[in-house]
Every structure is written in C-alpha cells, then in structure tokens.
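The values are calculated or read from the model by the stated rules, or taken from the named source; none is laboratory data. On a predicted model such as this, the values are computed, not experimentally measured, just so you know. Cβ atoms come from the backbone with ideal geometry, glycine included; neighbour counts cover every protein chain shown. Each accessible area value is taken on the protein alone, full model and side chains, heavy atoms only, with ligands, DNA and RNA left out. Shrake-Rupley method; radii C 1.70, N 1.55, O 1.52, S 1.80 Å.
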Protein chains: 2
Amino acid sequence: MEKALEFYKQQRRKIIAFNYVGFLVGWDMETDAAEQSIMADSEQVAVISEMTYQLMTDPEFEQAVATLYSQRDSLDDVLRHEIEVAYKSVRDTKKIPPDEYAAYGELTSKAYPVYVKAKNENNFELFRPYLEKIVDYCRKQTKWLQTDDLAGYDVLLDMYEPHYNQAKYDRFFNALRERLVPFVKKVTATPVKTPDWAKQTFPADKQKEFCEYLRGVMCFDKSRGIMKVSEHPFTNGFGTDDVRITNHYYENKFDSSIFSAIHETGHALYEQQCDKSLNGTLSGGGASLGLHESQSRFYENVIGRSRAFWQVHYPVLKQTFPEQLSDVNLDDFLAYINTAERSFVRTEADELTYPLHVMLRYEIEQKVISNELQVKDLPQYWKTKFNEYFGITPPTDTLGVLQDVHWAYGNFGYFPTYALGSAIASQLFYYMNKDFDVYASLQSGNTAKINEWLRERVHKYGSSKYPDEILLLATGEAFNPDYYIDYLINKYSR
Amino acid sequence: MEKALEFYKQQRRKIIAFNYVGFLVGWDMETDAAEQSIMADSEQVAVISEMTYQLMTDPEFEQAVATLYSQRDSLDDVLRHEIEVAYKSVRDTKKIPPDEYAAYGELTSKAYPVYVKAKNENNFELFRPYLEKIVDYCRKQTKWLQTDDLAGYDVLLDMYEPHYNQAKYDRFFNALRERLVPFVKKVTATPVKTPDWAKQTFPADKQKEFCEYLRGVMCFDKSRGIMKVSEHPFTNGFGTDDVRITNHYYENKFDSSIFSAIHETGHALYEQQCDKSLNGTLSGGGASLGLHESQSRFYENVIGRSRAFWQVHYPVLKQTFPEQLSDVNLDDFLAYINTAERSFVRTEADELTYPLHVMLRYEIEQKVISNELQVKDLPQYWKTKFNEYFGITPPTDTLGVLQDVHWAYGNFGYFPTYALGSAIASQLFYYMNKDFDVYASLQSGNTAKINEWLRERVHKYGSSKYPDEILLLATGEAFNPDYYIDYLINKYSR
C-alpha cells in the first residue's frame, strides 16, 4: 500500500507535467503559432500524446492505482476521490488503441487551423474530411469505453459531466422545451433593431482597456494570469497560479468583448480560487464543465447583465467611450444588453435564447453519434432544425454549423453542459441571496463578497468531489432546473 | 546494428518532442506567462528536465548510441555526425548528477523573473543569490565534464562553439586587442552627440509596422513564424517550420528595434533555410552559436548598415515616420546608424565598439569560472574593467553587470561566440563578393540573392557538420580574423 502510494505520487508528478505541456501547447497554437508552424508542431503533439498514454497505461501505475483503489477507504477524502477517478481513467485509457490515440492527437491539432480557415471562408467542405475522421473516432470511442451503465452518446456525456446521461439531459431539455420554447417565441416575436449607437466603431484598444478594468472589478489576480487575443475566447488554467483567458475584439460590436471578459474571468476565478493545497494533485481545477460553466454564466448573466452591476460601472464605460456613449443613458444600455432576439450565433446569443442554441447541438450530437446523421448532411440539417426552433435560417455555414470550435477539437458531449451551467447558476444565485443581498453587495465596486461565497461553497473544492456532490453541499438541494426557468421567465416578463 | 538504429530513431522522436516542449516553455515564459505563473510553472519544468535526462541516460539508448558510434563509418554523413555528437552528449549527460540537473532546471526558470526585476530596479543584490548558485553549478559542471582535452572554462566554451578553446579565443581577442583597441580609442576620442531628430518619439506600433516590412525585405516566410515582444529580443526555432523572433520597441530610440529585427531575422533565416530533410533529426538548426551569430551580424551590420541597403529602404522608413524624418536625409541617417562611440550597453553598441564589450565578458567569465573572481565582486569589477577599456564608468548595474540575460540562464561560455560571429560574417562577405556584387544585388528590393548564397553555403547544412567544417566548405579557408579587423578599420577610417 505504501509502496503503491509512493509510486502513484511519482507518476502523478509526470502526468501533471504533461498536463502543463498540453495546457501550454493549446495556448500557443491558438494565440501565437503561425499557420504552417501548427502543422509542424502537431507532429510533436502526437509524440507527447503517445508518451502521456504510456504513463497512464504503465502496468506498474495501473497496479498502484488498483492497489490504492482496493483500499480506498483508508485514504483521505481528496485522495480517495482522486483514486476513484484515476481508476476509471486508467480503465478507460487502456481501452483505447495506442495508435488510434496518437493519430487522433495529431488529427485534432491539424484540424484546428483548417477549421479556422473553413469558418473564415464559409467553406464547410474544406473542414468536412477532418470532421468526418473526428466523428469516426468519437463513435469508435463510445464502443471502446462502453460499460454496463454507459453506452453510445452517454459515454461521451459522462466524460464532460459525470453522472449526467441522456435520460437526465432529455428530462432537463424537455422541461426547457415545454416551458421556455413557447415563452421565447412570444418574447422574440417582434424583431428588435440594434440601436444606432451600438453600431458605432469602438476601438479595440479601448475595449481591451475596459476589459482589463473588469478583470480588476472581479478581483482577478493579474500576477497569476494574463488576457490575450484569440479567434474564440477561452480560459485555460494550470493550477491556481497560471490561469489565462483570451478575448476577441469586434470593433462594431463592443459588448461582445465585455461579456466574454466577464464570462472567461468567471471561469478563471473558479481556477484561481481553488484551494492551493490541491496544486500538485490531480484534484485541482473545476469539478466538471457544467459546474465550470455555472460560474462563467453566473458572472456573465446574473451579475454582468444586472442593473446593480452597471449602476456602478456604466460611468466608467462612458468614460472609456465618451463620444460613442454620450447620448446613451443607463436604461438604454441595460435594455440593449438584455435584449432577447432570434439570432444565429450561440456565443453572441442573449441569455434567454441561449439554451435553445444548446438544445439544437444536443439533438444533433445525439443523432451524429448514434449514426442517424452523417457529417456531410450537417450543414443542411443544421439549417432546417435551426429554422424549426428559431423561425429564421442561417444564411451561411459560418453562421451555422461552422460557428463553434468544439467539434474541431472532437468535443462531442460538451455542449449540453453549457445549458446545465446556466441552470446551476440560477440555483446558486437563489441560495446566495438567502445569505446576503447579492445585488446590494455590488455597491462596494467589486465582486469580492460574491467571490468569497463561491470560493467557500464551490471553488475551494476544485475537482476533489463530483459536481453533484458540490452542488448539494453548496445549496442543500440536488440539481433543480426550476430555479433557472423561473429566473428567465420572471426576468423577461418584465 | 539495425536494432540499435531502430531504437535510436524511436528515442530520438521523444527527445525531439521534449526539445519542442523546451522551445515552447522558454517562449511562453519570456513573452506571456505572468510573474507568479512562472514560479509555479518552473516546478513542471524541473519534472520535464528530469524526464529528458532519463531519456538521454536510458541504458538502452546509451547502448544504441555506442553501437552506432562503433560502426559510424557505415552510416551516411548526416547520421554519422549526429551519432558523434550524441555519443559525446550521452557521455556528458551521464556525468551530471540527476538531482543537480533537475534542481538547476528549476533554478534557472526561477532566476529569470528575478533577474528582470533586479535589472529594472538596479538591484544586483536581489539577483546575487541566484547568480551565485548558477555560477556554482557552472563551476561544478567544468569538473563533471572534464576530459583529457578539455578542462575549466574550455569545457563551457566547447559547449557553445565546438573546437574553440581559451587558447584559440585568447589569440583571437589578442589580435583584436592589438589592432582594434588603439584604433577604437582614436575614433571614439571625441564624444558624439545624438542628433535631436533621433531623440523624438517614434510610436511603437509604427516601429513594429516597419520591422514587419523588414521581415518581408529579408524574405522571412511569415507563415512559418511570428514576431512578438519581449524584454530582450531573441530568436527561437523548432525545425524549419516554426521559427520565432521577438523585439522590443523603445519609443525614444527607434533604431534599436530596426536593427534587432534585422539581427533576429538573420538568425531566423538560418533556421528557416536549413534543409527540410533534417527536420525530425537532431541535425537541424544552427551548427553553433558562433556561426549563428555570423548570420545575424552579417545581416545586421554588413547589410543592414550599408548605404546600398538604405538607398532602397530609407524612403519607406521616411514614409512610416513622415513627421519625425521630414528633415533627415539619407546621409544624416547613415551617419547616425554608423556612429562609433563609447557606450555602456552591449546590445545597443555600434559595430566598431561591439567586440570590446564581448572581450570584457570573456575575461570576466574566465576569472569567474576559474574562481579568481566571485559573484559578490562582479558589480565593482565590471565597472573598473569597463573604465579601463572604454574610458567611461557605468553609472548603474542596470547599465553594467545586469544588462545581459545570459548569466541568468547559466550561459557561461556563450558571449565569446558573439565576437567570433562578427568575424566570420566578414569572412563570408569577402567570399560572397567574389561570387557577385553583394551591395548591387540589394537594388532588387530584397535580400533573396544573399539568402540563396547563404542557404547553399551555410544554412542548408543545419548542424549536420561542425562549424569550422562549414566555414571551410563555404569560403575555402579556415577561420581568419583578419577579414574582420580589416573590414572594421577600413570602414571606420572613412
């Protein structure tokens, strides 16, 4: 037992170092590396994947994990959970053929720049062969990793959100569909016109300046992470002390970068506020994607689109753009950032229509993974389904099936966590307000009190517990989507 | 033999992947990573160093290299050279205690941000404990790696420039000292005043724009590498297809970024023009630091400070800075960029006084490594010696002993290659002119013809031959410092 623990810890050091490498390579490829460099570097990524695979499937490591797993009740809580997850991971990793694993690492590295080009040029055909191979791998993955409890798409769903399967998601999305779809149809019946002031040019450097201000308002520790530019905003963290976000500045759509900054900083706070004792273990970072997204959505929507927040910070925004916003008062601004309308792009969608975008992807993934739908038919299927839910048809694939980067990474099963995240955010908000007046606390000028509550209830645990466990500890109640639907209907009925 | 070759190639793939990781980590730490992130990440760097060390000292790998080495005459030229170098490297790596090697990796990672802070705050004491440990390691290294042929400082010199030892460098620097020092004293006797126009503000973004133009003039393939900002400009390459440079924009010293861009692009061309067949081997990249520096110095000084070059490109510079340069004609500009004067900072030194800066460092390193001089005495020693050679005394350590990053990386033995590089550049220039009129070729608007000559004579070989071999092949003559001294005295006598 002691020998197994010692070996486990030695191997864990190496796995963590490779995690750092993966973090860094991803960061580099999306922010720095030139087009042809990515192609060249991806060959190295394949070798690194191979080595990581060798570490995870090292028989001595497997033996150590198995030994610790068999005696897990004698371990402390954090290590017991970690060993449970490692045991499952070792089991799963062993099931994947090494050559397929290595080839897949290379494939997704190469797919990314092609995806960017395809999206920019509205050319799905360019990306299609890559996506077909990715889907092929994901389908094979569901076979390799099948267990008594998990099969088909459930295998992928569980990778992103443990304990959530199609049965649960179907119930969640059905509830959304029943109560929200008719409501959204009513609210968005009349097309909204973007006010002229919002169409002005807002210089990128000024947007960046204001987003840096927002990182300060949210008490993000800038000595432990930077903000940079990439095609699609994202957060990537390694431990509590290296947490990075990216942003994208559209000069004719200034609010995009603002809400991306708040959203990504929400993710980043979750990483930065994890208990430092979890650095050097595999129990740091977020507990799941859904819980991670609950943090970003909480800050972005519940806080970042509230009157209470902008009562304090709108004057600073006006100062940053004195010409553009001279005739725009707080009410105009709040109405604009809380507009609900039918639109094409998920990441630019408003709080109300957002979950419908996710519902569409969930349904498509179900069909793709179960082989009912083929990659070549995706562009048309997307358009048809989109029209059914939103009453409008995307004019291009750039605004349709090519809009999200996730499939280029092979992240099938990821999207549903976005809707789950928003729902969890509402549940947390409900219980946070029982402890203190959340909106009143914003008068302090920053989100310190909110950060503190989330650190104690959610962040500090890192991934040392399952996400449903953490939600139960934080709110005293299991996941309940009613808080979310009530919150949306209440807010947009006003 | 065949089995040994197969194993060697498999292990080489992994070593190359770790080289890529090292390349990327270095790039990230100097351009992106936040201050505290570097401290956290450096723990991972230590683990990665350990793994690299394990690969290099894997008994099976050593056996494979030894087998191939014993039968090296049956290998092709490239592989034979590579095995010779690997044999020496394996032998050397084995001699370094693993724990010291790992600790040193972590030390140099942590030393870098401290060095930057110490330099910014003119606080040598902050950096001193780190530098002491680094020097301590370097001294121990000379003991560990000692052979019949190499001892003391020679061990370090050979790491950066194979086949060059103190005996050779002493001769080279003595020649420089005898012919150049008195000449420089005469030429720089009268202090030169920086013209007022050069002290104006030249906005960083415009400087960057012009430097990007220069990368175009030099036919740098931008699809295979980027230019970014860092404290100290540098080039870092991985294979032919990922070659990156950095720059630093001083708004009150616009020519600094211009010559850094030309210098670093010179390095970068060497990497990009290596024969592509050497990718995936350990025979790519530059043959040595001296030869690498010969390329950067050739472009920076021989080409980049010539009338022929600026006759074509000065109009573009004027266009970029129409206000600042409205009253400055080509002659004024050429006089300014070819001024020789006594100054403190090596990287900002002119072509003529530059080698004296290197000579100073060479002498200091000799004394530090041989234990005649201690780290605590460096600031004062630097000032005294500097005054002896230049007749002026640095007012701060920032402008003295703290000015270069090299020692923070533990790169003792590196500096002398800078002077060697300039000397080789002159030798290459002499022979290039026998083949075609180099300055006349610049009328084409780019350096394509020069690049072509250097590709065929120098770049294509990568590191598949020793640097002295390449110089002999390129010019038909062994290294001869007279071309350099003749060139300098001739140019600055005008």
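Could you tell me how many of the residues in segment A:392-408 are surrounded by fewer than 19 Cβ atoms within 10 Å (Cβ to Cβ) and assigned to a helix (DSSP H, G or I)?
1
Out of segment A:24-49, which residues are open to solvent by 10 Å² or more (accessible area, probe 1.4 Å) and within 18 Å of B:Ala33 (Cβ to Cβ)?
A:Val25, A:Gly26, A:Met29, A:Glu30, A:Thr31, A:Asp32, A:Ala33
I'd like the full set of residues that are closer than 27 Å to A:Ala335 by Cα and among the hydroxyl-bearing types (Ser, Thr, Tyr), limited to segment A:149-199.
A:Thr188, A:Thr190, A:Thr194
Taking the criterion of being over 17 Å from A:Leu24 (Cβ atoms), of a type in the set (A, V, I, L, M, F, W, C) and within 13 Å of chain A (Cβ to nearest Cβ), would at least one residue in segment B:64-76 satisfy it?
Applying the first criterion (over 17 Å from A:Leu24 (Cβ atoms)) to segment B:64-76 yields B:64-76.
Keeping just the survivors that are of a type in the set (A, V, I, L, M, F, W, C) gives B:64-66, B:68, B:75.
With within 13 Å of chain A (Cβ to nearest Cβ) added as a condition, the list becomes none.
Scanning segment B:64-76, I find no residue that is over 17 Å from A:Leu24 (Cβ atoms), of a type in the set (A, V, I, L, M, F, W, C) and within 13 Å of chain A (Cβ to nearest Cβ), so the answer is no.
Every residue in segment A:270-284 that is farther than 20 Å from A:Asn446 by Cα, open to solvent by less than 20 Å² (accessible area, probe 1.4 Å) and either in a helix (DSSP H, G or I) or within 14 Å of chain B (Cβ to nearest Cβ) (or both), please.
Across segment A:270-284, the qualifying residue is only A:Leu278.
Write out, first by first residue and then by second, each pair whose Cβ atoms fall under 6 Å of each other, whose residues are 6+ apart or on separate chains, and whose first residue, in segment B:317-341, is free of Cβ contacts under 8 Å to residues at least 12 places away in the same chain while the second is surrounded by 14 or more Cβ atoms within 10 Å (Cβ to Cβ) and not aromatic (Phe, Trp, Tyr).
Listed pairs, sorted by first residue: B:Lys318/B:Leu325.
Condition check: closer than 26 Å to B:Ala118 by Cα and touching a Pro at 6+ places or on another chain (Cβ under 8 Å). Does B:Arg342 satisfy that?
Considered against the rule, which asks whether it is closer than 26 Å to B:Ala118 by Cα and touching a Pro at 6+ places or on another chain (Cβ under 8 Å), B:Arg342 comes out as yes.
Residues checked against (1) in contact with a helix residue (DSSP H, G or I) (Cβ under 8 Å, 6 or more places away or on another chain); (2) crowded, with 19+ Cβ neighbours inside 10 Å; (3) closer than 26 Å to A:Leu399 by Cα:
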site: A:Pro113; (1), (2), (3): yes, yes, yes
site: A:Leu126; (1), (2), (3): yes, no, yes
site: A:Leu150; (1), (2), (3): yes, no, no
site: A:Leu176; (1), (2), (3): yes, yes, yes
site: A:Phe183; (1), (2), (3): yes, no, yes
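In this structure, is B:Thr190 open to solvent by 30 Å² or more (accessible area, probe 1.4 Å) and either within 25 Å of the chain's Cα centre (by Cα) or away from chain A (no Cβ under 14 Å) (or both)?
Yes, satisfied.
Test of understanding: among A:Leu107, A:Leu5, which residue is more than 14 Å from every other protein chain (Cβ to nearest Cβ) and out of contact with any Phe, Trp or Tyr (no Cβ under 9 Å at 6 or more places or on another chain)?
Details: A:Leu107 fails: out of contact with any Phe, Trp or Tyr (no Cβ under 9 Å at 6 or more places or on another chain).
The match here is A:Leu5.
What is the residue count in segment B:286-333 for residues that are touching a Lys or Arg at 6+ places or on another chain (Cβ under 8 Å) and within 19 Å of B:Tyr461 (Cα to Cα)?
So the answer is 1.
Any chance segment B:325-337 includes a residue that's under 30 Å from B:Glu469 (Cα atoms) and away from chain A (no Cβ under 14 Å)?
Keep residues of segment B:325-337 that are under 30 Å from B:Glu469 (Cα atoms), which gives none.
Checked against the condition, which is being under 30 Å from B:Glu469 (Cα atoms) and away from chain A (no Cβ under 14 Å), segment B:325-337 yields no hits at all.
Considering B:Glu388, B:Glu365, which residue is open to solvent by 10 Å² or more (accessible area, probe 1.4 Å), of a type outside the set (Ser, Thr, Tyr) and assigned by TED's automatic domain parsing to the domain that holds B:Glu293?
B:Glu388
Which condition number in (1) more than 29 Å from B:Lys110 (Cβ to Cβ); (2) open to solvent by 10 Å² or more (accessible area, probe 1.4 Å) is the one that B:Asn411 fails?
For B:Asn411, the failing item is (1).
Looking only at segment B:329-351, which residues are part of a loop (DSSP other than H, G, I, E, B), acidic (Asp, Glu) and open to solvent by 60 Å² or more (accessible area, probe 1.4 Å)?
B:Glu341
Would a scan of segment B:17-26 turn up a residue that is more than 14 Å from A:Val25 (Cβ to Cβ) and either within 7 Å of another protein chain (Cβ to nearest Cβ) or not small (Gly, Ala, Ser) (or both)?
Checking segment B:17-26: not a single residue is more than 14 Å from A:Val25 (Cβ to Cβ) and either within 7 Å of another protein chain (Cβ to nearest Cβ) or not small (Gly, Ala, Ser) (or both).
Could you check segment B:40-51 and list, in sequence order, the residues that are of a type outside the set (S, T, N, Q) and facing chain A (nearest Cβ under 7 Å)?
We begin by selecting, within segment B:40-51, every residue of a type outside the set (S, T, N, Q); these are B:40-41, B:43, B:45-48, B:50-51.
Answer for segment B:40-51, where residues must be of a type outside the set (S, T, N, Q) and facing chain A (nearest Cβ under 7 Å): B:Ala40, B:Asp41, B:Val47, B:Ile48, B:Met51.
Residues being assigned to a strand (DSSP E or B), of a type outside the set (Val, Ile, Thr) and open to solvent by 10 Å² or more (accessible area, probe 1.4 Å): count how many of those fall in segment B:221-269. First the steps, then the outcome.
As a first pass, look at segment B:221-269 and keep what is assigned to a strand (DSSP E or B): B:227-229, B:235-238, B:242-247.
Going one step further and asking which of them are of a type outside the set (Val, Ile, Thr), we end up with B:227-228, B:236-238, B:242, B:244, B:247.
Those left that are additionally open to solvent by 10 Å² or more (accessible area, probe 1.4 Å): B:227-228, B:236-238.
Here the count works out to 5.
Answer with yes or no whether A:Val85 is at negative phi and either out of contact with any helix residue (DSSP H, G or I) (no Cβ under 8 Å at 6 or more places or on another chain) or open to solvent by 70 Å² or more (accessible area, probe 1.4 Å) (or both).
Criteria met by A:Val85.
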